[in-house]
1. Let's test the formula: R0 of 35 Å, r as the Cβ-Cβ distance of residue 76 and residue 142. What FRET efficiency results, to the nearest 0.05?
2. Take residue 213 and residue 201, extend 7 Å from each Cα along the Cα→Cβ direction, and tell me the distance between the two endpoints in nm.
3. Taking R0 as 41 Å, what's the FRET efficiency between residue 29 and residue 92 from their Cβ-Cβ distance, rounded to 0.05?
4. Could the peptides 68-78, 188-198, 87-97 be put in order, highest first, of the mean number of other beta-carbon atoms found within 10 Å of their residues?
5. Between residue 83 and residue 51, what's the calculated FRET efficiency when r is the beta-carbon distance and R0 is 25 Å? Round to 0.05.
6. If each residue of separation counts as 0.36 nm, what is the full-extension length gain between residue 105 and residue 63 once their alpha-carbon separation is subtracted?
């Protein structure tokens, strides 16, 4: 019994240690020194198999950043500017050097996004629309790394598995059809973007100078 007790204690301590490590506060030193007021969001790179992912996520980035106190360059204008310069692939926009971005847009910081997961999948007794986005914020003048983060949202977060298994199978099939035909992932992307880009999120962006919460986080 003594051995089992010690083993369990070790597991608990390891879990506590892991939990503490995950919840360490983010180091905002570089962010505060840079103190960006305007953010240029580049069209998201897409690592998911869904061709709609980049456009869907990109179209919904302005609100959480604006609500957090930043001026955000209009995404439609940014997209058209790249196209006018012969860059139509979102992944290629991430290769444009900072000097060129400064020359064209003149932002304080540049936000690089990557869509890691986007779409609806059928998982036996449930249909899951899931969106995962990663972000990296860079000082536009110095290239210094200011912040990075990742967020996921899923349509199954509020689901319950207590119903009859047969009913669950039927419901999953129905949800799969509905989620796919209505592009449910687009609405899930809005949740993911908010979790990732709103300054109220733990270890998220700091509030910008246009926010009443500026300097309080």
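Every number in this text was worked out from the coordinates using simple rules, so none of it is lab data. Everything numeric here is computed off the predicted structure, so don't read it as measured data. When we count neighbours, we look across all protein chains shown, and the Cβ atoms used for this are built from the backbone with ideal geometry, even at glycine.
1. After rounding, the FRET efficiency stands at 0.80.
2. Inter-label distance under the simple model: 1.3 nm.
3. Numbers: r = 32 Å, r/R0 = 0.78.
Efficiency, rounded to the nearest 0.05: 0.80.
4. Order by mean packing, descending: 188-198, 68-78, 87-97.
5. On the way: r = 17 Å, r/R0 = 0.66.
In this case the efficiency is close to 0.90.
6. Here the answer is 13.2 nm.
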